[in-house]
Amino acid sequence: MKISIDQNVAVSPEVALAAYGNPAFYEGREPRDNISVIEVVSHEKTASGVLIQVRFNFSGNVSSAVRAVIDPKKMSWVTRTAVLTNERRTKFEVLPDHYPDRLTCSGGFRFAEGAGGPDTTVIKVEGDLKVRVLLVGGTVERVIVSGLRSYLGAEVAGLPEFAARS
């Protein structure tokens, strides 16, 4: 399933991009839409920006059909994100802690100046998600993308407050 989400925020592209490479942006974050940040696994500067890995888990309810093939207690993953500062973009890959044969997801974020000028940003998220679970895979993909839209909306909305604290 293709993922395409656009979000607007009242911070500059540089500030928004820098937040995604900063461990403090994730640490201590309240759970949102049944998704919790567990830990920042690693953070390192690279020649092109930053590589950060963050572990998440899903704590919401799932249908009995999904529970029949996936243990809800094992719905955790690491998102590996390369923040490419000079290109104003990120690349991400989701690495499931369990069931790696059943879920793949990768993509990127682009950070462009918004219509409101240099202190506004349009964040465009694009990616691909595939859930390989007989009979319910497509339904699970739609639920994940819907939750992702909501989660990212809240995440992006928190950028101005994070920027003010940093």
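The values are calculated or read from the model by the stated rules, or taken from the named source; none is laboratory data. All values reported here derive from a predicted model rather than from experimental measurement. Cβ placement follows ideal geometry from the backbone for every residue including glycine, while neighbour counts extend to all protein chains displayed. With ligands, DNA and RNA removed, areas are computed over all heavy atoms of the protein, side chains included. Shrake-Rupley method; radii C 1.70, N 1.55, O 1.52, S 1.80 Å.
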- Message: With +1 on the Cβ of every Lys and Arg and -1 on the Cβ of every Asp and Glu, and nothing else charged, how large is the dipole of the chain about its Cα centre, in debye rounded to the nearest 20?
- Response: 460 debye
- Item | Nearest-ten-degree value, helix 137-157 long axis tilted from longest Cα axis of the chain | 30 degrees
- Item | For the stretch 1-128, the Rg and Dmax computed from alpha carbons only, in angstrom | 15.8, 50
- Solvent-accessible area per residue, Å², over the stretch 108-156 with all protein chains present [probe radius 1.4 Å]: 51 Å²
- Item | Accessible-area composition of the chain, carbon plus sulfur, in percent [1.4 Å probe] | 53 percent
- How big is the gap, in Å, between the Cα center of the stretch 26-78 and the Cα center of the stretch 125-153? 14 Å
- Give me the lysines in straight-line cross-link reach of LYS2: C-alpha distance below 23 Å, same-chain residues under 8 apart excluded. LYS91, LYS124, LYS130
- From largest accessible area down, sort LYS45, LYS74; use a 1.4 Å probe on the protein chains. LYS45, LYS74
- Under a 1.4 Å probe, counting only protein heavy atoms, ASP71 has an accessible area in Å², nearest 10, of 60 Å²
